[in-house]
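Engineer: Pasting in a structure now, in structure tokens, and then I'll have a few things to ask.
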Amino acid sequence: MPGRSLEPKALSSPRPGRGAEVTVARGKRAGCGRVTAPSHALYVKTKTSPARRGGHRVTIIGAGIAGARLAYQLRAAGARCEVTVIGEETHAPYNRVLLADVLAGRYAPEVVALPQAPGMRCGVRAVRIDRDARLVVCDDGSLLPYDTLVLATGSNPVLPPLRGLFAAGESELPEGVHAFRTMDDCLALASAARPGVRAVVVGGGLLGVSAARALAARGAQVVLAQQGEYVMERHLDATAAALVRSHLEALGVEVHLECRVRGLTAAQGAHVVELADGYRLDTDIVVLACGVRPRVGLAQAAGLQVARGIVVDDRLCTSDPHIRAIGDCAEHDGIVYGLAGAAIDQADLLARLLTGGPESGPQRGYAGTRALTRLTLPGPSAQSPLDIAAFGQPVPLAGDDVLRLSDATRGIYRKVVLRDDRLIGGILLGDLATIGTLARTWEDDEAIAPDSSPLHLLTHDGGSSS
Ligand SMILES: Cc1cc2nc3c(=O)[nH]c(=O)nc-3n(C[C@H](O)[C@H](O)[C@H](O)COP(=O)(O)OP(=O)(O)OC[C@H]3O[C@@H](n4cnc5c(N)ncnc54)[C@H](O)[C@@H]3O)c2cc1C
């Protein structure tokens, strides 16, 4: 299977099939601007609603990548069920992966919109699940009945325990301090990030690096404060991270490593970021990019089994057989993926399970997702962009084999980690020519034939997907 692209085309709308209907649960907030019925109208079935004919009602909470994808796949499959999707964000569903490009000014917000199912409700939050009555209670007073409920509630940003982050009794972030998770976060940051504005990004993972390069593209003076020894620790090793750091520096980002932020103070409309070593950074904007946590509050309150995420089995069923969970909020086999590729895989599989596709039999189910994470850092004028692809475990354990190829002058680095005859991790940086072979071997978990040298993984492009 070739490496998956997370550009908008990857999430383009499958052609709608016949038979499925998306029914509107009307409420007082218009959300995406399509529904304006009064709040007392609770649940409206259309004339031809399958529910009237005893059809299955699928209610999806969360209109992010997973929820929107599931709704479209059900429609595309011509599912004879009545689908209702609610999403708390007021924007029409969009591809969250591309928010950094919106922040950088590369894409307008409408370019990253996901295709909408008719009647999808934005700006409505589910506040309670009544499992006995099989009803979802929404913040606009509407009640959504379900036969199958799908939780696709995604993640919340982790807000680090910084002294002074919240004023006493406040739960809102102070003015000038932003998370980077939603379109609203992105638009607020974009309007604050004028040329010359000072910005401190707290956290040097994929999210922090993406935010830092986007703010730099807007002309902000950016400091990236990373607590760990190198940037993107979850995806890269020290060598690759050093190349990324140089690239960020060439974009004008000042990178501080092993730098723990301890507190924040507001001073005359600006902020002072206090570091653990006593150093203080004056800034206008602070971006908190300290990871995410699965959003499990609704599931927990409803008494579903929750570990780090909402626990699901191979059929993406929670501890209640009428409730499924997909995407960032779900935990399968001890893993919370937090990746768009997994959200898409799970949504696609669940659509097949709910429509009686080939995977609906007892023998098939979700077996995990093996997706590459890809990122492109634009280059400063004289330099080309830096392409990054990473997957699995990039840092070997004792006994693993490591193959590396590096060209420091050209900023190229390739590495794979092998355990026995399997590829368990890798990094490509600067030149993704071998991505095709590598992605196929990784995503299909192919054994490396004993008579073939694994060096081909670093040198062969057996059909690039890039
Ligand atoms: C800036 C950024 C860059 C990223 N880059 C990458 C990348 O390069 N590669 C990658 O694989 N992943 C990336 N990710 C992660 C990826 O976006 C997520 O894995 C993906 O969005 C998960 O999809 P989801 O539908 O599960 O959750 P989400 O996209 O978070 O959607 C969940 C939705 O549910 C809504 N919701 C939650 N609770 C309720 C409720 N009670 N009622 C109604 N609605 C509710 C939320 O408001 C949200 O809109 C990135 C994320 C960000 C923020």
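Engineer: Compare the peptides 197-209, 431-443, 303-315 by average per-residue count of other Cβ atoms within 10 angstrom and give them in order, highest first. The partial results should precede the final answer.
Structural biologist: Working: 197-209: 24.2, 431-443: 20.8, 303-315: 18.1.
Listed from highest to lowest mean packing, they are 197-209, 431-443, 303-315.
Engineer: Something else about it: Give the long-range amide H neighbours of Val150: residues separated by 5 or more places, or on another chain, with amide H under 5 Å away, using H modelled in the peptide plane at 1.01 Å from N.
Structural biologist: Thr59, Ile60, Ile61, Arg324
Engineer: Need the C-alpha centroid separation for region 201-256 versus region 286-342, integer Å.
Structural biologist: Cα centres, region 201-256 to region 286-342: 28 Å.
Engineer: Then there's this: Placing unit charges on C-beta atoms (Lys and Arg positive, Asp and Glu negative, everything else neutral), compute the dipole magnitude of region 177-290 about its Cα centre in debye, rounded to 20.
Structural biologist: Dipole magnitude for region 177-290 comes out near 240 debye.
Engineer: Please report the antiparallel percentage of the DSSP beta bridges confined to region 373-459, to the nearest 5. Don't jump to the answer; show the numbers that get you there.
Structural biologist: On the way: 24 of 24 bridges.
Here the antiparallel bridges make up roughly 100 percent for region 373-459.
Engineer: Taking every eigenvalue of the Cα gyration tensor of region 177-290, multiplying by 5 and rooting it, what semi-axes result, largest first, whole Å?
Structural biologist: Details: eigenvalues 86, 55, 31 Å².
Ellipsoid half-lengths, sorted descending, are 21, 17, 13 Å.
Engineer: I've got another one for you. Residue by residue through region 388-399, what is 3J(HN,Hα) from phi via Karplus (6.51 cos²θ - 1.76 cosθ + 1.60, θ = phi - 60°)? Round to whole Hz and write x for glycine and proline.
Structural biologist: For region 388-399, the Karplus-derived couplings read 10, 9, 8, 7, x, 9, x, 10, x, 9, 4, x Hz, x marking Gly and Pro.
Engineer: Among DSSP bridges having both ends in region 49-206, what percentage is antiparallel? Round to the nearest 5. Could you put the intermediate results ahead of the total?
Structural biologist: On the way: 8 of 20 bridges.
Close to 40 percent.
Engineer: Over the residues of region 373-459, compute the C-alpha Rg and express it relative to 2.2 N^0.38 Å.
Structural biologist: Working: Rg = 13.5 Å, N = 87, 2.2 N^0.38 = 12.0 Å.
Against the compact-globule rule of thumb, the ratio is 1.12.
Engineer: I'd like the Karplus ³J(HN,Hα) series for region 188-193: coefficients 6.51, -1.76, 1.60, θ = phi - 60°, whole numbers in Hz, and an x wherever there's a Gly or Pro.
Structural biologist: Values per residue, Gly and Pro as x: 5, 5, 4, 6, 7, 8 Hz.
Engineer: What is the extension gain from Ser453 to Asp407, computed as 0.36 nm multiplied by their sequence separation minus the C-alpha to C-alpha distance, in nm to one decimal? Don't skip to the end; give the middle numbers.
Structural biologist: Working: separation 46, 0.36 × 46 = 16.56 nm, distance 2.11 nm.
So the extension gain works out to 14.4 nm.
Engineer: Can you put Ser191, Ser384, Ser319 in order, fewest other beta carbons within 10 Å first? If you can, show how the numbers build up before the last one.
Structural biologist: Numbers: Ser191 8, Ser384 11, Ser319 15.
The order, fewest Cβ neighbours first, is Ser191, Ser384, Ser319.
Engineer: Extending each Cα 7 Å along its Cβ direction at Leu397 and Arg364, get the distance between those two points in nm, one decimal.
Structural biologist: Calculated label separation equals 3.2 nm.
Engineer: Right, next: Taking the number of other C-beta atoms within 10 Å as the exposure measure, put Glu446, Glu172, Glu233 in order starting with the fewest.
Structural biologist: On the way: Glu446 13, Glu172 8, Glu233 18.
Fewest-to-most Cβ neighbours within 10 Å comes out as Glu172, Glu446, Glu233.
Engineer: Report the gain in length on full extension from Ala108 to Ala266: 0.36 nm times residue separation, minus Cα-Cα distance, nm rounded to one decimal. Kindly include the intermediate steps, with their values, before the conclusion.
Structural biologist: On the way: separation 158, 0.36 × 158 = 56.88 nm, distance 3.18 nm.
Separation in residues times 0.36 nm, less the Cα-Cα distance, equals 53.7 nm.
Engineer: Still on this structure, I have one more. Rounded to the nearest 5, what is the percent of antiparallel bridges among the DSSP beta bridges in region 245-394? The partial results should precede the final answer.
Structural biologist: On the way: 18 of 21 bridges.
Around 85 percent antiparallel, to the nearest 5.
Engineer: Counting just the Cα atoms, what span does region 54-204 cover along each of its three principal axes? Round to the nearest Å and put the largest first.
Structural biologist: Answer, in whole Å and largest first: 60, 38, 25 Å.
Engineer: Something else: Pop out the ³J(HN,Hα) list for region 295-311 in order, Karplus 6.51 cos²θ - 1.76 cosθ + 1.60 with θ = phi - 60°, rounded to Hz; leave Gly and Pro as x.
Structural biologist: Each residue of region 295-311 in turn: 8, 10, x, 4, 5, 4, 4, 7, x, 6, 6, 10, 9, 6, x, 6, 6 Hz.
Bear in mind these aren't lab numbers, they're just calculated from the coordinates by the rules spelled out. From a predicted model like this one, the values you see are computed outputs, not experimental measurements. With ideal geometry, Cβ positions are generated from the backbone for all residues, glycine too; neighbour counts draw on all protein chains shown.
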